[in-house]
Amino acid sequence: MAMRNAYVDQFPSEARLISAAFWSSFLALAIGGSLGLVQALHRTDYLRFIDSVDYYTVLTAHGVLLAITFTIFFLVGIFTWAVTTSLDRGLEDLRFSWAWYAMMVVGTVLVGVSILGGVVDSIDMQADVLFTFYAPLQAHPAFYVGLVLFVVGTWLAGADWFRTWWAWRGENPDERIPLPTFMTLTTTLFWYLCTLGVALSILVLLLPWSMGIVDSVNPLLSRTLFWYFGHAVVYFWLMPAYMMWYIMLPKLSGGKLFSDPLARVVFVLFLLLSTPTGIHHQYLDPGIAEGYKFIAMTNTMFLLLPSLLTAFTVVASMEHGARQRGGTGYLGWLKALPWRDPVFTGMALAGLMFAAAGFSGMINAGMNINYLVHNTWWIVGHFHLTVGTAVALTFMAAAYWFVPQVTGKQLWNRSLALGQVLLWFVGMTFMSNAMHRSGLFGMPRRTAEPQYQGFNFEPAAGTVGEINAQVALGAALLTIALALFLLNMVMTTIGGESDAIPDNTYAGTLSGPEDAPVVLDNLKLWTAIATVLVVFAYTLPLASIIDAGGLFGPGIEGFQLTIGIDPAIVLESVREVMP
Amino acid sequence: MNIHTYEKVWLAAAMVLIVGFIATITYGAVGPGIAMIDDEAGSIDPAEINDDERFAEPGVEHVGGNEYEVTVVAQAWSYSPAEIEVPANSEVTFYVTSRDVTHSFSVVGTNVNTMVIPGQVSEMTVQFDEPGEYGILCNEYCGEYHHTMEGKLNVVPEDEFDLTELSVEAPDEVDAGNETTITANVSNGMQEDLETTATLEIGEQQSERDVTVAGDSTEQVEFTVDTADLGEGDHDWTVTVDDYEESGTLSVVADDGNASADGGDGDA
């Protein structure tokens, strides 16, 4: 047998753990993604086979399964790969590693079952509270417990990576932190910092309140603590995609990473700025002074910097690779890139869509321009470009390389994989573009039936019907792409072992860590500064919210507006708003 | 640290872009004066909304000149009031709060958009230059009939706008031969005096009274009705003040001593 040097050959035990994490992620993607099609067809009124009141249960499941479960299960796999590969050592104790994985699974199951209770009568639970679970909408305690278990699972995963790095550090005291490990550790650090907010919100406010231990909640406080976590979480999903663009794309292009030092600068900037920006999701919230919103906006705008730097480095690295492959000319080098490789093409298209997402994000970030688009379908269009493409498409493309690495089995069908990433790109172009446009004339997000009695939407260009058609078409294409991806993954996994798996490597660098100032590796320093920035951005707003409304709010009890509502009251409400 | 020249240029351009963004938004705040929803309007206990000075009777109030205040209570799944009317060329400050969960108050296709969080009061001031009709919707999920939560905002031409209210007190029945009174209460929500005419039509008769209602107050206009002129039977009446009218029926019955208890002398 030829000497194969895939990840599964180097770290067979870790490969099994990563496989398990990937499959948990794919399962969430399968369920959550299919629910997305149900929603798209329902909202646009092409096909309504669920009751509109159940739409919100479906939407909750779609959001939680895709934004939390799919992304985070996949990234714990990638980060485990990154740490072990770049430090060239296994995890310290696989029992510990399986424990955090199991904790994440149990958390997901609890959350999933409590959401499912919204449509299955025999489960006496409900969690129709959407991904954001804004109090005083109240879910079953199992929903909150599940979220806590899941997050604690990720904390332990982070501890596992740190432990591995500390062990390596002991043996290699004078070496620079390898770039993939550096990326993992900085990301983990801001994850610890930001999840503290949501953990406090759940453990101190929401869980005791859902169990009836305290009988009131301060909605603005729990909401602010959610967004303290809620923006950084998007960078938690995004950083593994960035890692792929930094350390895989240059290699796939046939070259090297342009600059290791700037990659470190970028990740340090994300550590510093990911969390003290959350209030930009609350630009339109009462009870928060304008000054705090301005601080959040300034931090957000400066977060453009690492993304703009990434755009430069990634494109420069791709150009370097293309020129190594014989590409010439100002733009002619683009033709020399390996466009037939689904891993490369998927990641490159994901990066391109992220650039578009950057532009709509700049609109969202502008606090007074945000009035026009806040909570409209524009926002949904925006994050289907970010988490729905920059992250999801990069992860799917990465899976075409990673799954063979961790299973030792060759990708079942490479052409199908190429078609799949293209189809995702095309489907998302239709869907996201139409969503963005509809937001500009005020069509709301999170609505089962955006058809109103008293008024019609008035698009400046095009029609509502045409926009709905594009969304439904895009969603259908995305669902087909999703099915093709899963088919390829299943067929690859049930296939036989192959000797033709490429070696487990990542990109070298043109300008290496020796060019990077040593201070960049001082994680304690950056964590301290990140903490100071968070204290600066959040102490005063939180203090004033608690001062005005109290820790537990002014007698605000829970609402489960899916049960116990008298239908007569519903009709009354409906009648009242009719002209 | 070794940074490529092109990358330095890119870095500088990125910084210019970022600072430029912050500058334009700052200009939007201090130049055109686009203020953010903030904490100025304070907090409120949702259980006390019905006793709150501002929110007990939500609706439109005239502050003076072209300034108005509109208070709105959002609840699952409606706004109170469901329909709002304000004049063009006005400056309207909205105060919105929620009785139950988080909602939004969003005027479709405009930048009038705020979250409505229980415990908090959202305040925003809007200029309405032109007449127009707008939908209002809730864009934050608020329970299973969230998608039915809507309202209406009508900006009417200035000369078609008033805050006049008319309510009429009239007996249903009166004994033939007695006099009775129909009272029109004309209230004026504007700060300026309202000079108008109240008209009563009953049977073949019509009477008019000029009335001046001071700003933010109510006047009573009494019409004396002599049943002798009307005769026995049912008589439809209508009271009209500007575009407002209220109608009813007055029964004049024979005084046979068996009249209903409230027939009496016709006092309302």
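Given the options A:Gly442, A:Leu482, A:Ala500, identify the residue whose Cα lies farthest towards the positive end of the charge dipole of the range A:430-512 (+1 on Cβ of Lys, Arg; -1 on Cβ of Asp, Glu).
A:Gly442
Run lengths n ≥ 4 of DSSP H only: what is the helix-derived mean residue ellipticity at 222 nm for chain B, with -39500 (n - 2.57) per run over all residues, to the nearest 500?
On the way: 2 runs with 30 residues, N = 268.
Taking each H run of at least 4 residues, the total per residue is -3500 deg cm²/dmol.
Per residue of A:124-131, what is the mean number of Cβ atoms on other protein chains within 10 angstrom of that residue's Cβ? Before the final figure, lay out the partial values.
On the way: counts 0, 0, 0, 0, 3, 3, 2, 0.
For peptide A:124-131, the averaged partner shielding equals 1.
Place +1 on the Cβ of every Lys and Arg and -1 on the Cβ of every Asp and Glu in the range B:46-160, take the dipole about the Cα centre, and give the residue among B:Val156, B:Asn113, B:Cys142 whose Cα lies farthest towards its positive end.
B:Cys142
At a threshold of 8 angstrom on Cα-Cα distance, excluding pairs fewer than six apart, so keeping six or more, what relative contact order does chain B reach in percent?
Numbers: 591 pairs, mean separation 38.3, N = 268.
Reported as a whole number, the value is 14 percent.
Calculate what fraction, in whole %, of the accessible area of the range A:7-577 sits on carbon and sulfur atoms when a 1.4 Å probe is rolled over the protein chains. Present the calculation step by step, with values, prior to reporting the outcome.
Numbers: 12890 of 19350 Å².
Reported share for carbon and sulfur atoms: 67 percent.
Magnitude of the Cβ-charge dipole of the range A:264-403, K/R +1 and D/E -1, about the Cα centre, nearest 20 debye? Intermediate results must be reported in sequence, preceding the final value.
Values: 6 positive and 4 negative charges, 93 e Å.
Charge dipole of the range A:264-403: 440 debye, to the nearest 20.
Provide the net charge surrounding B:Ile3, with neighbours chosen by a C-beta distance below 15 Å and charges set as Lys +1, Arg +1, Asp -1, Glu -1. Don't skip to the end; give the middle numbers.
Numbers: positive: A:Arg264, B:Lys8; negative: A:Asp260, A:Glu514, A:Asp515, B:Glu7.
Computed value for this residue: -2.
Can you compute the charge dipole magnitude of the protein assembly as shown about its Cα centre, using +1 on each Lys and Arg Cβ and -1 on each Asp and Glu Cβ, nothing else charged? Give it in debye, rounded to the nearest 20.
Once rounded to the nearest 20, the dipole reads 10480 debye.
Given contacts defined as C-alpha pairs under 8 Å and at least six residues apart, what's the relative contact order of the range B:39-165, whole-number percent?
Details: 306 pairs, mean separation 34.5, N = 127.
For the range B:39-165, the relative contact order is 27 percent.
Would you mind giving the total buried accessible surface between chains B and A, with a 1.4 Å probe and ligands, DNA and RNA left out, rounded to the nearest 100 Å²? Please report the intermediate quantities before stating the final value.
Numbers: alone 15720 and 23190 Å², together 32450 Å².
That pair of chains buries around 6500 Å² in total.
Considering only B:Gln127, B:Ser90, B:Ser78, whose Cα is most displaced toward the positive end of the charge dipole of the range B:46-160, charges sitting on Cβ of Lys, Arg (+1) and Asp, Glu (-1)?
Looking along the dipole axis, the top candidate is B:Ser78.
In deg cm²/dmol, rounded to 500, what helix-only [θ] at 222 nm does chain A give when every DSSP H run of at least 4 residues adds -39500 (n - 2.57) and the total is split over its residues?
Working: 22 runs with 375 residues, N = 579.
Mean residue ellipticity at 222 nm (helix-derived): -21500 deg cm²/dmol.
How many percent of the alpha carbon pairs in the range A:113-241 exceed a separation of 20 Å? Working shown, then result.
On the way: 4396 of 8256 pairs.
Here the tail beyond 20 Å accounts for 53 percent of pairs.
Helices from chain A with mean Kyte-Doolittle at least -0.5 and a Cα length along the axis of 27 Å or more, per DSSP H: which?
Numbers: long enough: A:12-43 (46 Å, 0.80); A:94-116 (32 Å, 1.58); A:141-171 (45 Å, 0.56); A:179-200 (32 Å, 1.38); A:304-324 (30 Å, 0.67); A:342-365 (33 Å, 1.38); A:414-440 (40 Å, 0.66); A:464-494 (45 Å, 1.72); A:523-549 (37 Å, 1.57).
Length and hydropathy pass: A:12-43, A:94-116, A:141-171, A:179-200, A:304-324, A:342-365, A:414-440, A:464-494, A:523-549.
What number, in percent, do you get for the relative contact order of chain A if the mean sequence gap of Cα pairs under 8 Å and at least 6 apart is divided by its residue count? Working shown, then result.
Values: 922 pairs, mean separation 121.8, N = 579.
Normalised by residue count, the contact order of chain A is 21 percent.
May I ask what percent, to the nearest 5, of DSSP beta bridges between residues of the range B:46-160 are antiparallel?
Just about 70 percent of them are antiparallel.
For peptide A:287-295, compute the average count of partner chain beta-carbon atoms within 10 Å of each residue's beta-carbon. Walk me through the numbers on the way to the answer.
On the way: counts 13, 5, 4, 7, 2, 3, 3, 5, 0.
Average neighbour count from other chains, rounded to a whole number: 5.
Take the solvent-accessible surface of the protein heavy atoms, probe 1.4 Å, and return the percent of it on the range B:46-160 that carbon and sulfur atoms account for. All intermediate terms of the calculation are to be shown ahead of the outcome.
Numbers: 1350 of 3920 Å².
Solvent-exposed carbon and sulfur of the range B:46-160 make up 34 percent of the total.
How far is helix B:5-30 tilted off the main Cα axis of chain B, in degrees rounded to 10, range 0 to 90?
Helix B:5-30 and the main axis of chain B meet at about 20 degrees.
Compute for chain B: radius of gyration divided by Kirkwood radius, i.e. Rg/Rh, restricted to C-alpha atoms, rounded to two decimals.
On the way: Rg = 27.6 Å, Rh = 22.8 Å.
Rg divided by Rh gives 1.21.
With a 1.4 Å probe and all protein chains left in place, how much accessible area per residue does chain A have, in Å²? Could the numbers behind the result be given before it?
Working: 20050 Å² over 579 residues.
On a per-residue basis, 35 Å².
Taking every residue in B:24-35, how many Cβ atoms of other protein chains lie within 10 Å of its Cβ, on average?
Working: counts 3, 10, 5, 1, 4, 4, 0, 0, 1, 1, 4, 2.
Mean partner-chain Cβ count within 10 Å for B:24-35: 3.
Report, to one decimal in Å, the Kirkwood hydrodynamic radius for the protein assembly as shown based on all distinct Cα pairs.
Numbers: mean 1/r = 0.0335 Å⁻¹.
It is 29.8 Å.
Of the peptides B:60-73, B:41-54, how do they stack up when ordered by the mean number of other Cβ atoms within 10 Å, highest first? Numbers along the way, then the final one.
Working: B:60-73: 17.8, B:41-54: 15.4.
Put in order of decreasing packing, that is B:60-73, B:41-54.
On a straight-distance basis, which aspartates and glutamates could pair with B:Lys152 in a cross-link, Cα separation under 14 angstrom, same-chain partners fewer than 8 positions away excluded?
Candidates past the 8-residue exclusion: A:Glu576, B:Glu83, B:Glu85, B:Glu133.
Give me the distance between the Cα centres of the range A:285-327 and the range B:103-149, rounded to whole Å.
32
Where nothing but the Cβ of Lys and Arg (+1) and of Asp and Glu (-1) is charged, how large is the charge dipole of the range B:46-160 around its Cα centre, in debye to the nearest 20?
Values: 3 positive and 22 negative charges, 97 e Å.
It works out to roughly 460 debye.
Mind listing the phi-derived Karplus ³J(HN,Hα) values for the range B:122-136, rounded to whole Hz, using 6.51, -1.76 and 1.60 with θ = phi - 60°, and x for any glycine or proline?
8, 10, 8, 10, 10, 9, 10, 8, 10, x, x, 10, 10, x, 10
The values are calculated or read from the model by the stated rules, or taken from the named source; none is laboratory data. Just so it is clear, the model here is predicted, and its values are computed rather than measured. Here Cβ is always computed from backbone atoms with ideal geometry, including for glycine, and neighbour counts include all displayed protein chains. What goes into the accessible areas is simple: the full protein's heavy atoms, side chains included, and nothing from ligands, DNA or RNA. Shrake-Rupley method; radii C 1.70, N 1.55, O 1.52, S 1.80 Å.
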